[in-house]
Amino acid sequence: MSLLEPSADAVRPIPEHTVRRLLESACERATSVDLEAAFAWVAEGRLADDLVKDWRQLGEEAQEDLGRCYKNLGLLHDVTAPQDTMRYGRYAAEKILADELKELVRLADKAADMCERVRDDVIKDLGRLVRDRRTEFPSAKAAPLGELLEELQRARTRHARSTEAYRQEQEELNSEERRLQEFVRSDASISLDAIRRLSGREFELFVARLLERDGYEVQRTHGGAGDRGADVIALGRNGERIVVQCKLRTKPSAAIGAPAVQTFNGTARPDHQATHPIMVTNARFTAQAEEAAARYRIALVDSVALRAWATFGRPIELS
């Protein structure tokens, strides 16, 4: 009788004992070539299966880490959340790791899909191996698995290195944060509110003390009649000649414009031989002032930079 009943919607199953007898008979007739082909086929299929699982696992781990990065980035974006002084450093570290993890997730998904296609090709290729009575190990269909395995090892190393670099960066940021907070609690720290209450002369003297704290030899501590824009002058260990013009403002919203930068540029280098002209304010600089300063190579220290310098004790950076 045919396996297919004319009126049936499905194939009638062969009795189990019949299938067993057929398989036993086939095994008795199997040659070494048959066994090698079967072993190679099973081994390649298992390797493909394992690679699919390993790539999926790596993708899930990277996706989980990426979720934490996005959560941390969200907190760093939230202006209402408590922030430490390392906010921008932490943001940069999260962004670098997030970009790396996104690439790893994309790579893992692509590789896992490729492994699944190779596995399907290997399964379909069994018929050819049996029909041709020969073995290829690895078979042509399974050949990509070696490259995918090597790529998996590289991806795992990449993931480990990225997360370790992130961990070390966070440790350094935490250490720097502790150092800055210790400075804030010291008598050397002064807030922007306290700076705003200084007189113009006191502000100039204060900037001179900050330069002395950073190791510079101060030659002029304040300006006066005929100073031609140089309120503070200091020398560095490597021959730097720092000429500073101080701009104290009582209102936080005040802004220093481009004309002030242009005027300072006219005397800082010609009259005072400045190698590093700097303008310092407890307010802000307009966009036009920043453009002029970049053009004239004048460093600007606004309220944000002044807070880091005066309140948190970060040395001024000369460019």
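Might you let me know whether segment 221-241 holds any residue that is assigned to a loop (DSSP other than H, G, I, E, B) and in contact with a Lys or Arg (Cβ under 7 Å, 6 or more places away or on another chain)? Checked segment 221-241: at least one residue is assigned to a loop (DSSP other than H, G, I, E, B) and in contact with a Lys or Arg (Cβ under 7 Å, 6 or more places away or on another chain).
In summary, ASP113 fulfils each of the numbered conditions (1) more than 30 Å from ARG314 (Cα to Cα); (2) of a type in the set (Asp, Glu); (3) modelled with pLDDT of 85 or more; (4) touching a helix residue (DSSP H, G or I) at 6+ places or on another chain (Cβ under 8 Å) with the single exception of condition (4). Residues considered: ALA208, ALA260. Of these, the only one that is assigned to a helix (DSSP H, G or I), in contact with a Ser or Thr (Cβ under 8 Å, 6 or more places away or on another chain) and under 30 Å from ARG87 (Cβ atoms) is ALA208. Restricting attention to segment 301-319, the residues that are touching a residue at least 24 places away in the same chain (Cβ under 8 Å) and not polar (S, T, N, Q) total 11.
Out of all the residues in segment 143-158, is one or more loosely packed, with under 14 Cβ neighbours inside 10 Å, in a helix (DSSP H, G or I) and at pLDDT below 85? Show your work before the answer.
Here is the first cut: in segment 143-158, the ones loosely packed, with under 14 Cβ neighbours inside 10 Å are 143, 146-147, 150, 153-154, 157.
Now narrow it down to the ones that are in a helix (DSSP H, G or I): 146-147, 150, 153-154, 157.
Now drop any that are not at pLDDT below 85, which leaves none.
No - not one qualifying residue is present in segment 143-158.
Scanning segment 221-246 for residues that are open to solvent by 50 Å² or more (accessible area, probe 1.4 Å) and touching a helix residue (DSSP H, G or I) at 6+ places or on another chain (Cβ under 8 Å) yields a count of 3. Among the residues of segment 263-301, just one is open to solvent by 70 Å² or more (accessible area, probe 1.4 Å) and assigned to a strand (DSSP E or B), namely ARG284. Total residues in segment 170-198 satisfying the condition of being open to solvent by 60 Å² or more (accessible area, probe 1.4 Å) and farther than 18 Å from ARG314 by Cβ: the figure is 3. Is it fair to say ALA255 is under 34 Å from the mean Cα position of the chain (by Cα), on the phi < 0 side of the Ramachandran plot, hydrophobic (A, V, I, L, M, F, W, C) and open to solvent by 50 Å² or more (accessible area, probe 1.4 Å)? When the stated conditions are applied, ALA255 does not pass them.
Could you list, in sequence order, all residues of segment 199-220 that are in contact with a strand residue (DSSP E or B) (Cβ under 7 Å, 6 or more places away or on another chain) and open to solvent by 60 Å² or more (accessible area, probe 1.4 Å)?
Residues of segment 199-220 in contact with a strand residue (DSSP E or B) (Cβ under 7 Å, 6 or more places away or on another chain): 203-204, 207-208, 211-212, 216-220.
Those that are in contact with a strand residue (DSSP E or B) (Cβ under 7 Å, 6 or more places away or on another chain) and open to solvent by 60 Å² or more (accessible area, probe 1.4 Å): GLU212, GLU217, GLN219, ARG220.
Examine segment 176-184 for a residue that is under 30 Å from ALA260 (Cβ atoms), in contact with a Phe, Trp or Tyr (Cβ under 9 Å, 6 or more places away or on another chain) and not small (Gly, Ala, Ser), and state whether such a residue exists.
Here is the first cut: in segment 176-184, the ones under 30 Å from ALA260 (Cβ atoms) are none.
Looking for residues that are under 30 Å from ALA260 (Cβ atoms), in contact with a Phe, Trp or Tyr (Cβ under 9 Å, 6 or more places away or on another chain) and not small (Gly, Ala, Ser), one finds none in segment 176-184, hence no.
The values are calculated or read from the model by the stated rules, or taken from the named source; none is laboratory data. It should be emphasised that the depicted structure is a prediction, and the values quoted were computed from it without experimental measurement. Heads up, the Cβs are rebuilt from the backbone with ideal geometry, glycines too, and the neighbour counts pull from every protein chain shown. To get the accessible areas, we keep the full protein, side chains included, count just its heavy atoms, and leave off ligands, DNA and RNA. Shrake-Rupley method; radii C 1.70, N 1.55, O 1.52, S 1.80 Å.
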